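Each remark here refers to the structure printed beneath this line.
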Amino acid sequence: MAEYPLDCTALPTDKPLYEADVDLPGPISDYGAHLSVIRDAAVQLPADLTALLTELVGRLDGLAAKEPLVTLKALADLRYVIAQTGQDAAGELAAQDVPIGEVATALGTSEAAARTYLNSYLHP
């Protein structure tokens, strides 16, 4: 794993980091590769579900300015669905005793974040 030491005391305060004499392409490239590995290991959503979510986002974005009350009502309904379905899914994972590392990998996050995410559904 590459390391990119950065002396924060030597950085100029009057210009952005990308204008300073700092190696950015290396860390940015490594970070992109890291994210690619994480995305590849995460559970892939079925194409039809991805399409449905994409359509939903588009519809809600389009409504937000024109019909803000309709948008908020839809979001309130979605919150209810998310809470109920999330509780069911998290409960099933707990019942199956799925290791937190497996959950974290599937979600593309850390074990701590996965634990917090599951607990938010199990203990609302």
Margin query: Can you tell me which condition residue 117 does not meet? The list is (1) more than 20 Å from residue 44 (Cβ to Cβ); (2) part of a helix (DSSP H, G or I); (3) open to solvent by 80 Å² or more (accessible area, probe 1.4 Å), and all the others hold.
Written below: (1)
Checklist line | Matching option when the condition is among the acidic types (Asp, Glu), at pLDDT below 95 and over 23 Å from residue 121 (Cα atoms), among 21, 48 | finding: 21
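Run down 111, 102, 55 and say which single residue is in contact with a helix residue (DSSP H, G or I) (Cβ under 8 Å, 6 or more places away or on another chain), among the acidic types (Asp, Glu) and free of Cβ contacts under 8 Å to residues at least 12 places away in the same chain. Full working, then the answer.
Working: 102 fails: in contact with a helix residue (DSSP H, G or I) (Cβ under 8 Å, 6 or more places away or on another chain); 55 fails: in contact with a helix residue (DSSP H, G or I) (Cβ under 8 Å, 6 or more places away or on another chain).
Exactly one residue qualifies, and that residue is 111.
Taking the condition more than 30 Å from residue 32 (Cβ to Cβ), among the acidic types (Asp, Glu) and under 21 Å from the mean Cα position of the chain (by Cα), does residue 88 pass? Steps first, please.
Numbers: more than 30 Å from residue 32 (Cβ to Cβ): yes; among the acidic types (Asp, Glu): yes; under 21 Å from the mean Cα position of the chain (by Cα): yes.
For residue 88, the condition - more than 30 Å from residue 32 (Cβ to Cβ), among the acidic types (Asp, Glu) and under 21 Å from the mean Cα position of the chain (by Cα) - is met.
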Checklist line | Residues (open to solvent by less than 100 Å² (accessible area, probe 1.4 Å) and within 24 Å of residue 107 (Cβ to Cβ)) located in segment 10-42 | finding: 30, 32, 33, 34, 35, 36, 37, 38, 41, 42
Checklist line | Unmet requirement for residue 73, which otherwise passes all of (1) closer than 26 Å to residue 104 by Cα; (2) open to solvent by 70 Å² or more (accessible area, probe 1.4 Å) | finding: (1)
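Taking the criterion of being over 30 Å from residue 2 (Cα atoms) and of a type outside the set (S, T, N, Q), would at least one residue in segment 96-116 satisfy it? Before you say what the answer is, go through the steps one by one.
Start the filter on segment 96-116 by keeping residues that are over 30 Å from residue 2 (Cα atoms), which leaves 96-98.
When the remaining residues are screened for being of a type outside the set (S, T, N, Q), the result is 97-98.
The answer is yes, given that some residue of segment 96-116 is over 30 Å from residue 2 (Cα atoms) and of a type outside the set (S, T, N, Q).
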Notebook entry, point to check: Is there a residue being more than 23 Å from residue 117 (Cβ to Cβ), exposed (fewer than 13 other Cβ atoms within 10 Å of the Cβ) and either touching an Asp or Glu at 6+ places or on another chain (Cβ under 8 Å) or of a type in the set (D, E, K, R) (or both) anywhere in segment 86-105?
Noted result: no
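The values are calculated or read from the model by the stated rules, or taken from the named source; none is laboratory data. Computed from a predicted structure; not experimentally measured. Every residue, glycine as well, gets a Cβ built from its backbone with ideal geometry; the counts of neighbours run over all protein chains shown. Heavy atoms of the whole protein, side chains included, go into the accessibility calculation; ligands, DNA and RNA do not. Shrake-Rupley method; radii C 1.70, N 1.55, O 1.52, S 1.80 Å.
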